[in-house]
Amino acid sequence: MSPSPWKVFGALVRRDVHVVSRELPFFLLRTTLQPIMFTFVFGYLLPRMGFVQRGYTGALLPGVLGVSLAFASVQAVALPMVADFGWTLEIEDRLLAPVPTWVIALEKVIAGTVQGVIAALFVLPVARLIMGPIAGLDFAHFGVVVGMTLLGAFTFSAFGLLLGTAIRGEQIGLMFGLIVAPMIFFGCAYYPWKALAAAPLVQMLVLVNPLVYVSEGMRGALTPSLPHMNLAMVTAALVLLSAIFMALGLRTFDKRAVS
Amino acid sequence: MAPSGPPSHSASSGGREIQALDGLDLAVPAGEFFGLLGPNGAGKTTTIGVLTTRVRPTSGTAAVAGIDVVRDPVGVKQRIGVVPQRPNPDRQLTAIQNLLFHAAYFGIPRSVSLPRAQALLDQLEIGDRGESKVEQLSGGQQQRLMIARALIHEPEILFLDEPTVGLDPQARLALWEILRSLHQQGRTIIMTTHYMEEADRLCDRLAIIDHGKLLALDTPARLKGRAPGGTLLQITLDGEALQALQGVGSVPGVTKASGQGNELTVYAERAGETLPAILRALEQADRAPVDIRLTPPSLETLFVSLTGRKLE
């Protein structure tokens, strides 16, 4: 008798918990150093120099958390998967498990989501420490914070599944240069989307960027009194994007798993 | 029961369709040690890929333990163990963790898998390496770990894809012993190899395949009996072989002669007596041998006669 898919799912989770918990410090360093350094420059140095207003930190903090959780999620899934399918072939022992291949892909996405949330939880106190008191920061809507964090991390984790299975090992540098870097700059992480009204064309174009919805979602959850995109729209966009990424990612995963 | 039907697979790349397997029709009964013998690129790995659900056949059917590989891949995976061509252990885990997690992927609780894992490591003579990181294991030890992993869930059928490639002779002999004892325990084993000796010594029955086609299928002893008469002489000449072909072919004792480029391929009874006559025939054709290789009747000579080329 084959074991139930959920039992196998549980075993896959235990494997990832075992491996990831050992690698956690390196993982956090790799994925959060960039947003933390950004926080230091734009949330500490520039306000002190008087180049940006002190109120800027209220717009910056949710965005920095959005970047952290999005890119921790995408990297947690995509990087090992490129290696797994490209040269180490280590994932083969899981592809031989008596479950449909989508179970293995889904587990990777869930594990990536959790890692994204951990990265955000790590960055939050560090950023708060660097920037000092932040005007408008409000944890009253705790449920919204949790919901947005999970949804944003899941969306980018699913995006990681798609990237990790669609991209070949030799293209990984290209992926960061052409996809990840523009996404960060035009992801409304370091400025609110509403403020882009100053450049209306850019404001429309950035709407194709999934990071915009994560940043704005975090804004709506953490600094609800400051300008942010409507949360219903953010939620709809993230649900739609994660559905698209999952559907495409599961297809490309299956193609790599069964040639 | 482990019948495997006729899998057929073609993969397209860059608009060019490559047929990896072409009407390969095989059935392997339970308990047999079955060998797929052929040169690199013969379609051995594709065949294993189809049977282990990792390659989707474009046409034809394949069944493992009576289960169709396309319709019920999960059912097939439940019943098979696979040893890959290149060891691919989970490098983030220790040797024994590789076995315990793999067992867990099959729903086996730790209380069952832990003693089983230790017993397997002991049986494969790496019992003291359980806590070692995978990188600390030698190539041969990693390959044994792969065998232990393939057995931890007690599959009915064990697939091995070129299991001894890259192993030193000593490790290869040790692995042969392990495979023999697994076979004696009644397990069905399907192995690919391009080593004649390995196929000859281990397998109950052999399929010789090339370019995805089945060329011969029988026991090693009967296959060797089918090898064309006498010793194979492969002679490299200092010039075109065709000129010498007629003269060499009419030497008494020569059963078959063919030439390609500078290579002359001759089958002869009692090579010792025939060789001087062959050399005289070459001289008359104004050709001198640069190199002469003699091979007694074997799977090797059968293979050359079937495919016109050497295995390795």
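When the residues of segment A:10-25 are filtered to those that are buried (at least 19 other Cβ atoms within 10 Å of the Cβ) and over 19 Å from the mean Cα position of the chain (by Cα), the one that is nearest to A:ALA105 (Cα to Cα) is A:LEU12.
Filtered by the rule that a residue be basic (Lys, Arg), within 22 Å of the chain's Cα centre (by Cα) and part of a loop (DSSP other than H, G, I, E, B), segment B:44-71 gives B:ARG54, B:ARG56. Here B:SER138 fulfils each of the conditions (1) out of contact with any Lys or Arg (no Cβ under 9 Å at 6 or more places or on another chain); (2) surrounded by fewer than 23 Cβ atoms within 10 Å (Cβ to Cβ); (3) closer than 28 Å to B:LEU37 by Cβ; (4) within 11 Å of chain A (Cβ to nearest Cβ) apart from (4). Selection within segment B:77-96: residues that are assigned to a loop (DSSP other than H, G, I, E, B) and more than 8 Å from chain A (Cβ to nearest Cβ). The member of this set that is surrounded by the most Cβ atoms within 10 Å (Cβ to Cβ) is B:PRO87.
Just one of the listed residues (B:ALA221, B:ALA199, B:ALA171) is small (Gly, Ala, Ser), buried (at least 18 other Cβ atoms within 10 Å of the Cβ) and in a helix (DSSP H, G or I), and it is B:ALA199.
Just one residue in the set B:ASP128, B:ASP90, B:ASP122 is charged (D, E, K, R) and within 26 Å of the chain's Cα centre (by Cα); that residue is B:ASP90.
Taken as a whole, the condition of being modelled with pLDDT under 80, under 23 Å from B:ALA42 (Cα atoms) and either out of contact with any helix residue (DSSP H, G or I) (no Cβ under 6 Å at 6 or more places or on another chain) or not in a helix (DSSP H, G or I) (or both) does not apply to B:LEU232. Suppose we keep only residues that are surrounded by fewer than 18 Cβ atoms within 10 Å (Cβ to Cβ) and more than 17 Å from the chain's Cα centre (by Cα) within segment B:150-167. Which one would you say is nearest to B:ASN40 (Cα to Cα)? Checked segment B:150-167; the qualifying residue nearest to B:ASN40 (Cα to Cα) is B:GLU156.
Just to be sure, is B:ILE235 surrounded by 17 or more Cβ atoms within 10 Å (Cβ to Cβ), farther than 30 Å from B:ALA171 by Cβ and under 28 Å from the mean Cα position of the chain (by Cα)? Yes: the conditions hold for B:ILE235. Residues in segment B:97-127 that are among the charged types (D, E, K, R), surrounded by fewer than 16 Cβ atoms within 10 Å (Cβ to Cβ), away from chain A (no Cβ under 11 Å) and farther than 13 Å from B:GLN142 by Cα: 1 in all. Just one of the listed residues (A:THR31, A:THR57, A:THR39) is under 21 Å from the mean Cα position of the chain (by Cα), modelled with pLDDT under 90, more than 11 Å from chain B (Cβ to nearest Cβ) and over 26 Å from A:LYS108 (Cβ atoms), namely A:THR57. Set side by side, the residues A:VAL52, A:VAL99, A:VAL74, A:VAL19 differ, and just one is closer than 21 Å to B:HIS153 by Cα and of a type in the set (Val, Ile, Thr), which is A:VAL99.
Which one of A:GLY86, A:GLY152, A:GLY164 is within 14 Å of another protein chain (Cβ to nearest Cβ) and in a helix (DSSP H, G or I)?
A:GLY86
Scanning segment B:184-219 for residues that are of a type in the set (Lys, Arg) and out of contact with any strand residue (DSSP E or B) (no Cβ under 7 Å at 6 or more places or on another chain) yields B:ARG201, B:LYS213.
Going through segment A:89-110 one residue at a time, which ones are more than 17 Å from B:GLN92 (Cα to Cα), facing chain B (nearest Cβ under 10 Å) and of a type in the set (A, V, I, L, M, F, W, C)? Answer for segment A:89-110, where residues must be more than 17 Å from B:GLN92 (Cα to Cα), facing chain B (nearest Cβ under 10 Å) and of a type in the set (A, V, I, L, M, F, W, C): A:LEU96, A:ALA97, A:VAL99, A:VAL103, A:ILE104.
Among the candidates A:MET175, A:MET183, the residue that is assigned to a helix (DSSP H, G or I), in contact with a Pro (Cβ under 9 Å, 6 or more places away or on another chain), among the hydrophobic types (A, V, I, L, M, F, W, C) and within 23 Å of A:ALA247 (Cβ to Cβ) is uniquely A:MET183. Residues in segment A:1-59 that are of a type in the set (D, E, K, R) and farther than 25 Å from A:VAL180 by Cβ: A:LYS7, A:ARG14, A:ARG15, A:ARG22, A:ARG48, A:ARG54. Checked against the criteria, B:LEU232 does not count as free of Cβ contacts under 8 Å to residues at least 40 places away in the same chain and within 30 Å of B:GLU283 (Cα to Cα).
Every listed requirement among (1) surrounded by 19 or more Cβ atoms within 10 Å (Cβ to Cβ); (2) in contact with a helix residue (DSSP H, G or I) (Cβ under 8 Å, 6 or more places away or on another chain); (3) at pLDDT 85 or above is met by B:ALA268 save one, (3). Counting residues in segment A:78-93 that are within 24 Å of B:PRO87 (Cα to Cα), more than 21 Å from the chain's Cα centre (by Cα) and among the polar types (S, T, N, Q) gives one or more. When segment B:40-76 is filtered for residues that are within 12 Å of chain A (Cβ to nearest Cβ) and touching a residue at least 60 places away in the same chain (Cβ under 8 Å), the ones remaining, listed by number, are B:THR45, B:THR46, B:THR52, B:VAL69.
The values are calculated or read from the model by the stated rules, or taken from the named source; none is laboratory data. None of the values given here were measured: they were computed from a predicted structure. We place every Cβ from the backbone using ideal geometry, glycine too, and count neighbours over all the protein chains shown.
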